[in-house]
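Novice: Questions regarding the structure given below will be posed in turn.
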Amino acid sequence: MAMTYGIENECLRVSINQLGAELVSIWSKTRHEELLWQGEAWQGRAPILFPIVGNLPNGQYQAKGQTYALPRHGFARNSRFELRTHDSQRVVLGLRDSEQSRLVYPYCFDLSVSYTLDKDTVKVRFDVVNDQEEALLFSLGFHPAFSVSHDVDLIFEDSPQHYCYGNQGFVDFVSQPHLDMGLSLSLSDVDFSRGAIYIREPQAQCIVVNDGMKALGLSFPDVPYLVIWKKPACEFICIEPCFGITAPSSQDTLLALTDKPGIIRLASGERFTTVNEIKLM
């Protein structure tokens, strides 16, 4: 059975599951309420997407001259991570390649996820290390679901100008219609029955989630894609900074991993690091 690890300070009590190194609870001691979605309509809380984000055509791809299969969003979210560090306000979990992972993903890797408390903020850091001689190809995504009421506004520091609806997780930023937006977006204006909305190159910034009862801030670094999604009529919103999206659904031939949108190429001996922050405002 997977373990759950807790960290705590005067403002927050946070739980992280060993399975997927997933953040499963952020309890505000000052507001006496849960900040992450805890419902059953969608089983996720804040899954980590690795080594791909989204789907592959027919679930398959090509790498190193062979064909492999990976599920949607990869395997990290269903993998048991090892505990590397744990104290009262910080926990670090790690996942390395294994004989089993190399059957579906032929690369050596070390993925480390750390959660650190700083007053009313949860800092989430991802490190990917390439300790093999050849380049490491991967994507990474963070998929937190925040508990909110139906009447939600997103407030941006820098306006993304527009967004597009996805089609089974893929969006064509060239040919699809662009829907205008400014520094704020009311989610009551978004038709999530059409799927998630996608923002390309949103710039590093903080997005404030305000439902009239509370405000949360999600800060993220430069990412190529920002995905915003919810299930219609459910009281949560997912804000997902992602290095990658689903491959084109029209792709008929076997997709090379190098051609999947957003793939990162990490040279031998290099480290990739990205940090997100969740703040109660």
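The values are calculated or read from the model by the stated rules, or taken from the named source; none is laboratory data. Everything quoted here is computed from the prediction, not taken from an experiment. All Cβ positions, even for glycine, are placed from backbone atoms using ideal geometry, and neighbour counts span all protein chains on display.
Results for (1) within 30 Å of Q62 (Cβ to Cβ); (2) of a type in the set (D, E, K, R); (3) modelled with pLDDT of 95 or more, shown as yes or no for each residue.
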| site | (1), (2), (3) |
| --- | --- |
| S219 | no, no, yes |
| C242 | yes, no, yes |
| S250 | yes, no, no |
| K260 | yes, yes, no |
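Novice: Examine the range 186-207 for a residue that is at pLDDT 95 or above and more than 18 Å from G141 (Cα to Cα), and state whether such a residue exists.
Specialist: Within the range 186-207 (the criterion being at pLDDT 95 or above and more than 18 Å from G141 (Cα to Cα)), the answer is no, since none of the residues qualifies.
Novice: Looking only at the range 98-145, count how many residues are under 19 Å from K260 (Cβ atoms) and either assigned to a strand (DSSP E or B) or in contact (Cβ under 8 Å) with a residue 40 or more places away in the chain (or both).
Specialist: Total satisfying the criteria: 18.
Novice: Residues that are within 22 Å of F236 (Cα to Cα), buried (at least 18 other Cβ atoms within 10 Å of the Cβ) and at pLDDT 95 or above: does the range 1-8 have at least one?
Specialist: No, that holds for no residue.
Novice: What are the residues in the range 10-40 that are loosely packed, with under 15 Cβ neighbours inside 10 Å and either touching a helix residue (DSSP H, G or I) at 6+ places or on another chain (Cβ under 7 Å) or assigned to a loop (DSSP other than H, G, I, E, B) (or both), if any?
Specialist: Listed by number, the residues that qualify are E10, K29, T30, R31, H32, Q38, G39, E40.
Novice: With respect to the numbered conditions (1) farther than 23 Å from A247 by Cβ; (2) touching a Ser or Thr at 6+ places or on another chain (Cβ under 6 Å), which one is the sole condition not fulfilled by Q161?
Specialist: (2)
Novice: Identify, please: which residue in the range 155-171 is free of Cβ contacts under 8 Å to residues at least 60 places away in the same chain and assigned to a loop (DSSP other than H, G, I, E, B) and is, among those, farthest from G217 (Cα to Cα)?
Specialist: Q161
Novice: Does the range 49-67 hold any residues that are touching a residue at least 40 places away in the same chain (Cβ under 8 Å), of a type outside the set (V, I, T) and assigned to a loop (DSSP other than H, G, I, E, B), and which are they?
Specialist: Passing the criteria: P51, G54, N55, L56, K64.
Novice: Another one. Scan the range 142-162 and give yes if some residue there is at pLDDT below 95 and on the phi > 0 side of the Ramachandran plot, otherwise no.
Specialist: The answer is yes, given that some residue of the range 142-162 is at pLDDT below 95 and on the phi > 0 side of the Ramachandran plot.
Novice: Please specify each residue of the range 40-61 satisfying the condition of being more than 26 Å from L23 (Cβ to Cβ) and of a type in the set (K, R).
Specialist: Those that are more than 26 Å from L23 (Cβ to Cβ) and of a type in the set (K, R): none in the range 40-61.
Novice: Sticking with this structure for a sec: Looking only at the range 206-245, filter to residues that are assigned to a loop (DSSP other than H, G, I, E, B) and surrounded by 23 or more Cβ atoms within 10 Å (Cβ to Cβ); which one of those is farthest from the chain's Cα centre (by Cα)?
Specialist: K230
Novice: Now for a different question. Can you tell me how many residues in the range 246-267 are outside any helix (DSSP H, G or I), surrounded by 12 or more Cβ atoms within 10 Å (Cβ to Cβ) and hydroxyl-bearing (S, T, Y)?
Specialist: Qualifying residue count, the range 246-267: 2.
Novice: Another question, then. Would the range 75-91 turn up any residue that is farther than 30 Å from D211 by Cβ, assigned to a loop (DSSP other than H, G, I, E, B) and touching a helix residue (DSSP H, G or I) at 6+ places or on another chain (Cβ under 7 Å)?
Specialist: Looking for residues that are farther than 30 Å from D211 by Cβ, assigned to a loop (DSSP other than H, G, I, E, B) and touching a helix residue (DSSP H, G or I) at 6+ places or on another chain (Cβ under 7 Å), one finds at least one in the range 75-91, hence yes.
Novice: Might you let me know whether the range 41-48 holds any residue that is assigned to a strand (DSSP E or B), surrounded by 13 or more Cβ atoms within 10 Å (Cβ to Cβ), among the small types (G, A, S) and at pLDDT 95 or above?
Specialist: no
Novice: Would you point out the residue of the range 1-49, among those that are among the aromatic types (F, W, Y) and touching a Phe, Trp or Tyr at 6+ places or on another chain (Cβ under 8 Å), that is nearest to R125 (Cα to Cα)?
Specialist: For the range 1-49, the residue satisfying everything is W37.
Novice: Inspect the range 134-144 for any residue being farther than 24 Å from L35 by Cβ, exposed (fewer than 14 other Cβ atoms within 10 Å of the Cβ), out of contact with any Pro (no Cβ under 6 Å at 6 or more places or on another chain) and not small (G, A, S) and give the result as yes or no.
Specialist: Yes, the range 134-144 has at least one match.
Novice: Which one of the conditions (1) within 15 Å of Y225 (Cβ to Cβ); (2) of a type outside the set (F, W, Y); (3) out of contact with any His (no Cβ under 9 Å at 6 or more places or on another chain) does H162 fail to meet, given that it meets all the rest?
Specialist: Single failed check for H162: (3).
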